[in-house]
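Step one of this worksheet: look at the structure below.
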Amino acid sequence: MGAAHILSSAAPAAVRNVASEAADGASGAAHVAGAQGTLDLRCRAVDIEGMRRTVVDTVAQTPPLRMIRAFALADGGALVHLHNVSGGVLGGDDLRVHVAVSADARAQVTTTGATRVYRHRPGLPDAGQQTTFSVGAGGLLEYLPDPLIPYAGARYRQATRFDLAGDGGLFAWDVVTPGREASGEHFAYAALALESVVTVDGVPVAWEKIALSPADTTLAAPAALGGYRSFATLLMCRGCQAPATWMALEKTLAALADESTVTGEVVWGASTLAADGVVVRGLARDARRLTATLPLFWRAAKHALYGQEAILPRKIY
């Protein structure tokens with residue numbers, strides 16, 4: 001396969017993409033038996049015209065997953081959009097994404113739209129996506145995807161793993177909705193299995209598994225979502241920080257959580273992880289309350305940990 005070298009025109013910096021061509025021109029094709037999509041990206045720090053920038057190399061990509069291009073960020077990082085050209089996750093799809101952020105590189109990774117999981121197709125395995133990230137010492141990953149929308153009858157498993165080394169940093173959020181709310185779908189999907197893991201120098205600091213099956217258990221129960229419909233998680237981690245850093249950040253984010261809570265509509269909370277991080281969680285009747293407030297927590301944490309402004313990713317749709 002040939003490699004195309006593209007120089008981004010985005011100001012004020014330049015990001016080069018080394019993009020492998022999709023095999024046999026198959027992008028966008030229908031995947032009757034379930035797609036086996038792969039996307040493997042490498043983000044590395046280089047000096048370009050006397051400035052430290054992040055270059056994004058596309059190691060491999062097969063339909064329906066693609067990385068169209070990267071955009072330069074003012075802090076020297078790169079903005080990457082993960083794109084599913086089929087428009088959603090179909091029954092039987094097995095999608096795998098790996099993003100390596102090398103030492104001192106900075107990457108902001110988002111999606112081009114919500115992750116739509118369509119109705120399960122009988123006779124096929126559950127749809128699934130496995131996403132893994134590695135962040136080297138001095139590196140920073142900001143993973144800011146759009147919400148997950150499971151359609152009626154959908155069966156979906158999602159596993160996301162973040163492996164940090166040294167003082168590598170992470171901000172990552174996830175928002176899960178009850179379905180196509182505009183169409184009146186609430187918890188009409190068949191099953192969701194969600195797993196997220198964060199390690200620092202090989203030691204797990206966060207590990208969460210969620211299994212939701214609305215047909216078997218009412219999600220309105222106090223032990224489930226307690227009458228709320230959407231939920232969100234924001235993980236904020238960085239190695240080699242003093243424990244007092246996390247206690248102070250927890251206090252700051254807990255105060256913001258109290259300010260942002262509206263009884264019966266949205267509730268927020270913040271707590272330290274086992275080490276090297278803080279987690280913020282939210283429950284809401286309307287997912288838009290979660291997506292509107294998550295950036296406030298992210299901005300407060302990034303300022304505390306890096307002394308820098310957090311800027312929402314530019315979208316390309």
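Structure values in brief
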{"item": "Residue list for region 298-312, restricted to those being open to solvent by 80 Å² or more (accessible area, probe 1.4 Å) and within 15 Å of Gly76 (Cβ to Cβ)", "result": "Glu309, Ile311"}
{"item": "Pair list, Cβ < 6 Å and 6+ apart or interchain, from region 60-82 residues that are of a type in the set (Lys, Arg) to residues that are open to solvent by 10 Å² or more (accessible area, probe 1.4 Å)", "result": "Arg66/His83; Arg66/Val85"}
{"item": "Every pair of residues 6+ apart whose Cβ atoms lie under 6 Å, when the first sits in region 182-205 and is of a type in the set (Phe, Trp, Tyr) while the second is part of a strand (DSSP E or B)", "result": "Tyr189/Pro150"}
{"item": "Qualifying residue in region 257-277 (condition: under 26 Å from Leu73 (Cα atoms), crowded, with 16+ Cβ neighbours inside 10 Å and out of contact with any Lys or Arg (no Cβ under 8 Å at 6 or more places or on another chain))", "result": "no"}
{"item": "Residues (surrounded by fewer than 21 Cβ atoms within 10 Å (Cβ to Cβ), over 12 Å from Leu41 (Cα atoms) and either in contact with a strand residue (DSSP E or B) (Cβ under 8 Å, 6 or more places away or on another chain) or without any contact (Cβ under 8 Å) to a residue 24 or more places away in the chain (or both)) located in region 84-114", "result": "Val85, Gly87, Gly88, Gly92, Asp94, Ala103, Asp104, Thr110, Thr111, Thr112, Ala114"}
{"item": "Qualifying residue in region 282-289 (condition: open to solvent by less than 80 Å² (accessible area, probe 1.4 Å) and under 25 Å from Arg106 (Cα atoms))", "result": "no"}
{"item": "Region 116-141, residues that are assigned to a strand (DSSP E or B), open to solvent by less than 10 Å² (accessible area, probe 1.4 Å) and within 29 Å of Gly239 (Cβ to Cβ)", "result": "Thr131, Phe133, Val135, Leu140, Leu141"}
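The values are calculated or read from the model by the stated rules, or taken from the named source; none is laboratory data. Because the structure is a prediction, the values reported are computed rather than measured. Please note: Cβ atoms are built from the backbone with ideal geometry, for glycine as well, and neighbour counts cover all protein chains shown. Accessible surface is based on the protein model in full, side chains and every heavy atom, while ligands, DNA and RNA are left aside. Shrake-Rupley method; radii C 1.70, N 1.55, O 1.52, S 1.80 Å.
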